[in-house]
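Step one of this worksheet: look at the structure below.
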Amino acid sequence: MQNNTDFPLLFEQTKPGRTGYSLPPLDVPETDLSEVFESDYIRSEQAELPELSELQIIRHYTALSRRNYGVDSGFYPLGSCTMKYNPKINEDVIRMDGFSHVHPYQDPKTAQGALELMFDLQEQLKEITGMHEVSLQPAAGAHGEWTGLMMIRALHEKNGETQRTKVIVPDSAHGTNPASATVAGFESVTVKSNEQGLVDLDDLRRVVGEDTAALMLTNPNTLGLFEKDILEMAKIVHEAGGKLYYDGANLNAIMGYTRPGDMGFDVVHLNLHKTFTGPHGGGGPGSGPVGVSEELAAFLPKPIVRRSGGEIILDEDRPDSIGRVKPYYGNFGINVRAYTYIRTMGPEGLKRVSEYAVLNANYMMRRLSEAFDLPYAQHCKHEFVLSGRRQKKLGVRTLDMAKRLLDFGYHPPTIYFPLNVEEALMIEPTETEAKETLDSFIDTMLEIAADAEQNPEIVQEAPHTTVVSRMDETTAARKPILRYIPE
Amino acid sequence: MEFRYLPMTEQDKEEMLQMIGVEDTEELFSDIPEEVRLRAPLGIKEPKSEGELKAELAGLANRNVTMKTHASFLGAGVYDHYIPSIVDHVISRSEFYTAYTPYQPEISQGELQAIFEFQTMIAELTGMDVANSSMYDGGTALAEAATLSAGHTKKRKIIVSEAVHPESRQVIDSYGRGQHLEIVTVPHKEGLTDLQALEELVDENTASVIIQYPNFFGQVEPLADIRKIIDTQPKTMMVVSSNPLALGYLTPPGSFGADIVVGDTQVFGIPAQFGGPHCGYFASTAKLMRKLPGRLVGQTKDEEGRRGFVLTLQAREQHIRRDKATSNICSNQALNALASSVAMSALGKKGVAEMAHLNIQKAQYMKKQLEAHGLQVVFQGAFFNELVIKIDDDADALNDHLVTQGFIGGYHLGRTDDRLKNHILVAVTEQRTKEQIDTFVREVAAVHAKQH
Ligand SMILES: Cc1ncc(COP(=O)(O)O)c(C=O)c1O
């Protein structure tokens, strides 16, 4: 049996007196600090940080990295997350000194290269989304949602429509949608999906009204299905005086085919860490720019990056702005990567991205429907959702199948989301995967489905080959240990 | 045209279309109404080859003054610090940077353990019981702290010191508007939070008092006195925003009874990057553990009894609680938390203290040099690595001059505070040599003298 010492924590490897840093010697005359600081304010005990040599630290993190799985390790069809290839040129570009080591408060005249890039990225995103103006400020998708909703709120307030307190979200919506609505001070109202997996127009008509601030929608939706009645939906919401919010998590499906602005959306956010190849970083950082229609432009967060004469400026003079949503100017480092990607692909490239993302998803969906329930039979866009209810009847849950995939070296799909599909498996292949990869994954899934019938234990007891087996999550939550405490 | 990220061949495409049973990919998009179909190509820039694009972007990068081309005395929340070489080597391992949130613990033990270690190091530095896996940045972390305090105390008034970073205060204002919070500012006096004014403001409706330590002017706020004022109300919470490097030398806020400590770990291994991404941290007492925003990693065991780590207490989060969640954060700043973990590990127990000490010593030296040159350092309290100079000249003109001399000058406080026109906030980190400090002071003094 493996024990704790096989993968010790940094703190368990510590040996007092060992160091892994290199600081310059003090080259100025020393001040007696006991005359500067009151003794109560001088730390009496040092923080228990590790004491290790440089090689020990490198070995530690190298060992940890080998216990981790990224897109570069293998297929990662995590639905809704767009786990596509993260181009290496992007990493080289952001590491240029002229991007990495620019201070946000140095005179904008001395940062024109950085500002030029931001301005041009805004221009490219405006065109891709069909929106009137774009701000790069929000740090991630959820932050963009909140920013967008705050703008919608400001608009309604400006128009004296303070009774618009409700945000409508489909039952298939991502959790951040209702959560962002709450953080922005709205109440969420759910609209049902119909048997085709699309927003039920009658239910939408029923829930809209004078209190509607907005409808939040992703299109294609989280089932990977295009809301074909989008124009009718826009009409229903707009006629009721509400605004239409576009969650851009799924933009990878439609670039060059249609644009949120053309569909009638008033505000969009994009996830540059999804569609535009910002690496997911083990959970972040992301970047979630917002785009708006002309009517909402005045409310964009401060500052605005715009051209003024021959210069790009940071404009703070925005009386109707919702204010600042983040210190400085957004996650510039992720924005640089997204810009590099857009400039690598161009108009034809981005359209092909969506074409192939959709083709890959439909191919997988049709082949897998042989063994898995497909709740919605129409063509999908960049992702699709299967139901594991057939296997569940055999005693094999979606969770088991996901764990079994680990034995074959795959990252499993998103599971149990969206909430309106029983035992959901949400698969997003992305356009950067080769057909051979898709085929092997499909074959594996079919094998797992066959095992669910003939040999269920092997699935139920999976994974069998990973460095650890299933974790006791109940105890983790019941008696939380959130930090190392020496014995 | 060929695209190196797209492996689809004509043959693949044919086989796949046939399997699906459609003629062409257009059919797969037929559910998009014709009225909104984009028939013209996107009007974005045409692509460039890898070499051409790199050259073009290098051209843009080279147009910027940087903290490598110039010696920076600019801080105000973002600092030029020593970044150990190993940081970039670790975060460039693609098992880390091309992964997402560790939803599958069996293949994510590396990330999970690294975050658990990050949480531990942040808890240690701040003197708090627990810390989460990261927030977007110090400013939004502070706004989330305000929200948490309001939710926890069921009170709506938040008192924010004017000596908190101005942009963080603006972010708190924006979030506060969404949450219907009453945000009240307590003014600064001589560079510190005005305690008398604070005493008058704290009342039974106060959810929390937000203090920065060291504050925006670099001054060390008297947290013990502030805690006493807060304690006049049984429920009111103390929220402290701290530069974690300063806590290598200063008594941590936890020792003064802080309920929540937040801040940004940019000082540990994260380059300035024109303001982001950096990395917010969020630490609290054990009592608030189940109300923390963001992801938490906990230790547990697998079926064979082996130690392992998982995302835990997820019932707090948006994907479970939806509109009842305490925060909407989903993606966070994991890779930057990793960068900071590596930097904190390299510096270690001794190095963090030594680096903090170097910052203090150099800033003290700078103060003496400025005064020796007849310049006015305005606030007289103890400070970490930033100090405020008052000049008679126009601050922006001074900074223009300094750039020509190879320096990035300080932050003009008059930008956001009318009382502090032509006051400059100057940062001195361990990166600045005696020679740079001497020359910088001489340049500032020379410009100053010219005005007289
Ligand atoms: C549909 C959808 N909306 C919103 C989000 C939130 O984005 P982020 O994680 O960048 O905050 C996600 C991603 O997790 C998503 O899949």
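The values are calculated or read from the model by the stated rules, or taken from the named source; none is laboratory data. In this text the structure is predicted, and so the values were computed from the model without any measurement. For neighbour counting, all protein chains shown are included, and Cβ atoms are generated from backbone atoms with ideal geometry for every residue, glycine included. With ligands, DNA and RNA removed, areas are computed over all heavy atoms of the protein, side chains included. Shrake-Rupley method; radii C 1.70, N 1.55, O 1.52, S 1.80 Å.
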Could you list the GluC sites (Glu not before Pro) in the range B:16-85 that lie in coil according to DSSP, counting only those with at most 12 other Cβ atoms within 10 Å of their Cβ?
B:23
Shielding of B:45-52 by partner chains, average beta-carbon count, 10 Å:
5
Among trypsin sites (Lys or Arg not before Pro) in the range B:364-445, those in a DSSP loop whose Cβ has at most 14 other Cβ atoms within 10 Å are B:421
Expressed as a whole percentage, what fraction of the accessible surface of chain A belongs to carbon and sulfur atoms when a 1.4 Å probe is rolled over the protein heavy atoms?
46 percent
Note on chain A: alpha-carbon gyration tensor, axes a ≥ b ≥ c; rule is a/c under 1.5 for rounded, else prolate if a/b larger than b/c, else oblate; result oblate
Give me the distance between the Cα centres of the range B:1-52 and the range A:18-75, rounded to whole Å.
49 Å
Give me the angle, in degrees from 0 to 90, between the Cα long axis of helix B:10-20 and the longest principal axis of the Cα atoms of chain B, rounded to the nearest 10.
70 degrees
Using only the alpha-carbon atoms, how far is helix B:166-179 inclined from the longest principal axis of chain B? Give it as 0 to 90 degrees, nearest 10.
60 degrees
Whole number in Å², please: accessible area per residue of the protein assembly as shown, 1.4 Å probe, ligands, DNA and RNA not counted.
32 Å²
Where a Cα-Cα gap under 15 Å defines reach, which aspartates and glutamates qualify for residue B:434, not counting those fewer than 8 residues away within the same chain?
A:27, A:30, B:443
Inter-part distance where the range A:268-323 and the range B:231-248 are each reduced to a Cα centre, Å:
32 Å
Can you compute the modelled spin-label distance between residue A:210 and residue B:439, with each label point 7 Å from Cα toward Cβ, in nm?
7.0 nm
Counting alpha carbon pairs within less than 8 Å and at least 6 residues apart, what relative contact order, in whole percent, applies to the range A:10-66?
64 percent
Starting from 0.36 nm per residue, how many nanometres of slack lie between residue B:378 and residue B:1 once their C-alpha separation is accounted for?
129.4 nm
How much of the DSSP beta bridge set in chain A is antiparallel, as a percent to the nearest 5?
55 percent
Quantify how strongly other chains surround peptide A:394-404 by giving the mean number of their Cβ atoms within 10 Å of each of its Cβ atoms.
0
Tilt relative to chain B, helix B:334-372 - C-alpha long axis, 0 to 90 degrees, to 10:
20 degrees
If I stretch the segment between residue A:232 and residue A:158 completely, what's the gain in nm (0.36 nm per residue apart, minus their alpha carbon distance), one decimal?
24.0 nm
Can you compute the FRET efficiency between residue A:33 and residue A:62 using 1/(1 + (r/R0)^6), with r the Cβ-Cβ distance and R0 = 41 Å? Round to the nearest 0.05.
0.60
Would you calculate a helix-derived [θ] at 222 nm for chain B, using -39,500 (n - 2.57) for each DSSP H run of n ≥ 4 and dividing by the full residue count, to the nearest 500?
-12000 deg cm²/dmol
Projected label distance in nm at residue B:15 and residue B:34, using a 7 Å step from Cα toward the beta-carbon:
3.6 nm
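Could you size up the charge dipole of the range B:1-134 around its Cα centre, putting +1 on the beta carbon of Lys and Arg and -1 on that of Asp and Glu, and report it in debye to the nearest 20?
It comes to approximately 1000 debye.
Within a 10 angstrom radius of each residue's Cβ in A:109-116, how many Cβ atoms of other chains show up on average? Whole number is fine.
On the way: counts 3, 10, 5, 4, 11, 8, 4, 4.
If you average over the peptide's residues, the count of other-chain Cβ atoms is 6.
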Go ahead and run the numbers for FRET between residue A:439 and residue B:54, Cβ-Cβ distance against an R0 of 30 Å, rounding to 0.05.
0.30
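Using DSSP to define loop residues, name the GluC sites (Glu not before Pro) in the range B:144-217 whose beta-carbon has at most 14 other beta-carbon atoms within 10 Å.
Counting only loop positions with at most 14 other Cβ atoms within 10 Å, the GluC sites (Glu not before Pro) in the range B:144-217 are B:190, B:204.
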Gain in length, residue A:307 to residue A:390, computed as 0.36 nm per residue apart minus the alpha-carbon separation, to one decimal in nm?
24.1 nm
Using r as the Cβ-Cβ distance of residue B:390 and residue B:224, and R0 as 22 Å, what FRET efficiency do you calculate, to the nearest 0.05?
0.15
Whenever you get a sec, compute what percent of the accessible area on the range B:199-337 sits on carbon and sulfur atoms (1.4 Å probe).
49 percent
Of all DSSP beta bridges in the protein assembly as shown, antiparallel share, percent nearest 5
60 percent
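According to the square roots a ≥ b ≥ c of the eigenvalues of the Cα gyration tensor, what is the shape class of the range A:19-131, taking rounded for a/c under 1.5, prolate for a/b larger than b/c otherwise, and oblate for the remainder?
Here the range A:19-131 falls in the oblate category.
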Separation between the residue B:416 and residue B:232 pseudo-spin-labels, each 7 Å from Cα along Cα→Cβ, expressed in nm?
2.8 nm
Please report the relative contact order for chain B, taking Cα pairs under 8 Å with a sequence separation of at least 6, and give it as a percent rounded to a whole number.
19 percent
For chain A, what is the calculated [θ] at 222 nm in deg cm²/dmol (nearest 500), taking -39500 (n - 2.57) for each run of four or more DSSP H residues and dividing by its residue count?
-11000 deg cm²/dmol
PRE zone check, label point 7 Å out along Cα-to-Cβ of residue B:180, amide N under 14 Å, scope the range A:155-178, hits A:162-166
At what distance in angstrom do the alpha carbon centres of the range A:88-104 and the range B:111-130 lie from each other?
28 Å
What accessible area, summed over both chains, is buried at the A-B interface (1.4 Å probe, Å², nearest 100)?
18100 Å²
How would the range A:352-460 be classified by its alpha-carbon gyration tensor: rounded, prolate or oblate, with rounded meaning a/c under 1.5 and the a/b versus b/c comparison settling the rest?
prolate
For the range A:164-251, percent of DSSP beta bridges that are antiparallel (nearest 5) comes out at 10 percent
